[in-house]
Structure formats: C-alpha cells, structure tokens
Amino acid sequence: MTARIADLDPDQLSEEQKVIYDTIANGPRKGVRGPLAVWLHRPGLARTAQALGQYCRYETSLEPRLSELAILILGRYWSAGYEWAAHKPIALNAGLSEAVVNAIRDGQAPAFDQHDEAAVYAFLTELLRNHKVSPSVFAFAESMLGKDGVVDLTGIAGYYTLISMTINVFEIPVPEGAISEMED
C-alpha cells in the first residue's frame with residue numbers, strides 16, 4: 001500500500017520547505033518520513049508540528065520508557081500501524097516489557113510491575129475513553145509523574161493523536177521492512 005499523498009522530492013522543495021526539511025533531517029529524527037513528510041506539503045504546519053513533536057519525543061520530563069508507553073497506547077487506540085511499527089522497538093529498548101507491549105497491542109490491560117507505568121496507562125485510557133480524567137486517576141498520575149509529568153503526558157497525548165490521525169487519513173503504510181501488527 002502507498003500513502004494517499006506522495007512524499008515531496010527533496011530537490012523540488014520551496015525555500016521554506018527546504019529549511020524545514022533540513023531541520024527535521026538533521027535533528028534527532030535523522031530523516032523526514034511518515035506524517036512529517038505529509039506535513040511538509042504545508043510548511044507552516046510542518047514547522048510548528050515538528051517543533052512540538054521534538055519536544056514531546058525528546059525533551060519532556062518523562063523518561064523514555066514512559067513516553068514510549070504513552071506513544072504505544074495512543075498508536076494502538078488509533079490503530080496507527082506506522083506509529084506502532086516505528087515505536088515498538090524503541091519502547092522495548094527503553095525498558096518496557098514485552099508482556100506490556102503485547103497486551104497493549106492486543107487491546108488488553110497490562111499487568112504492570114511499575115506503578116509509574118500503571119499511572120500512564122490509567123491516565124491515558126481514561127482520557128481516551130471519557131475525554132477527561134477523574135480526580136482519583138489525576139491524583140495517581142500526579143503522585144507518580146509529578147505536575148510536570150502530567151502536563152507533558154497530556155501534550156504527548158495531543159501530539160500523538162495528531163500523528164495517528166495523519167497516519168490514518170493519508171494511509172501511511174508501516175515503514176519499509178516492518179510488519180503491521182495493527183488490525184482495524
């Protein structure tokens with residue numbers, strides 16, 4: 001399957017697109033692919049969204065194990081195969097257990113050994129299900145992650161919802177060489 005919108009040819013970019021392309025390609029992502037390649041069609045969106053994404057992926061107060069857990073929860077919720085395929089190995093490398101990852105993939109509530117992981121899961125699943133978070137779940141998340149962590153987790157939820165929507169709307173296939181684990 002190919003995406004609904006073709007990647008732009010780097011040699012045919014406008015000056016504004018070239019600046020954004022170079023910023024992304026030379027940053028921690030080391031390339032312009034997936035949703036970022038779609039956004040490049042609209043340079044203002046690409047510039048703003050990639051900056052938010054860089055913060056949400058690399059600069060939050062959450063350790064990578066927890067932010068990757070959040071990304072997987074959101075990717076699974078949206079059945080965003082590209083996001084799942086891209087982040088599953090990163091999540092495992094960051095210290096998430098294979099049992100937790102597989103449970104999320106399978107739509108099951110994981111059995112967490114870590115209370116901070118349970119807090120991220122409870123917060124995001126309640127937010128996605130109810131579109132808000134109860135006082136008890138908020139208090140649990142804040143006790144495990146701190147105020148900054150809850151703010152950052154909410155930002156990650158918003159950003160990776162945008163990512164997942166872009167993946168699904170433009171039918172971005174899983175990265176080359178990856179196997180789709182998402183069923184709609």
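Quick notes on this structure:
- Compared with the dominant principal axis of the Cα atoms in the chain, helix 81-94 is inclined by about 60°.
- More than 22 Å apart - percent of Cα-Cα pairs taken over region 64-169: 23 percent
- For region 10-59, Kirkwood radius (reciprocal of mean inverse C-alpha pair distance, Å): 10.7 Å
- Relative contact order (%) - the chain, alpha-carbon pairs under 8 angstrom, separation at least six: 33 percent
- Take every pair of alpha-carbon atoms less than 8 Å apart whose residues are at least six positions apart; their mean separation over the length of region 22-98 yields a relative contact order of 22 percent.
- Computed from the alpha carbon positions, the gyration tensor of the chain leads to an equivalent ellipsoid with semi-axes of 29, 18, 14 Å, biggest first.
- Dividing the mean sequence gap of close Cα pairs (under 8 Å, 6+ apart) by how many residues region 10-59 holds gives a relative contact order of 31 percent.
- Helix 43-54 axis, angle to the chain major axis (alpha carbon atoms, nearest 10°): 40 degrees
- Across region 145-184 the C-alpha pair distances fall into 5 Å bins from zero in the proportions 6, 20, 17, 19, 13, 11, 11, 3 percent.
- Hydrodynamic radius of region 36-91 by the Kirkwood approach over all distinct alpha-carbon pairs: 12.1 Å.
- Peptides 81-92, 23-34 ordered by average Cβ neighbours within 10 Å, highest first: 81-92, 23-34
- The dipole here belongs to the chain: it is taken about the Cα centre, uses +1 on the Cβ of Lys and Arg and -1 on the Cβ of Asp and Glu, and is about 280 debye.
Bear in mind these aren't lab numbers, they're just calculated from the coordinates by the rules spelled out. Note that the coordinates shown come from a computational prediction; the quantities given were computed from them, not determined experimentally. All Cβ positions, glycine included, derive from the backbone under ideal geometry; neighbour counts span all protein chains shown.
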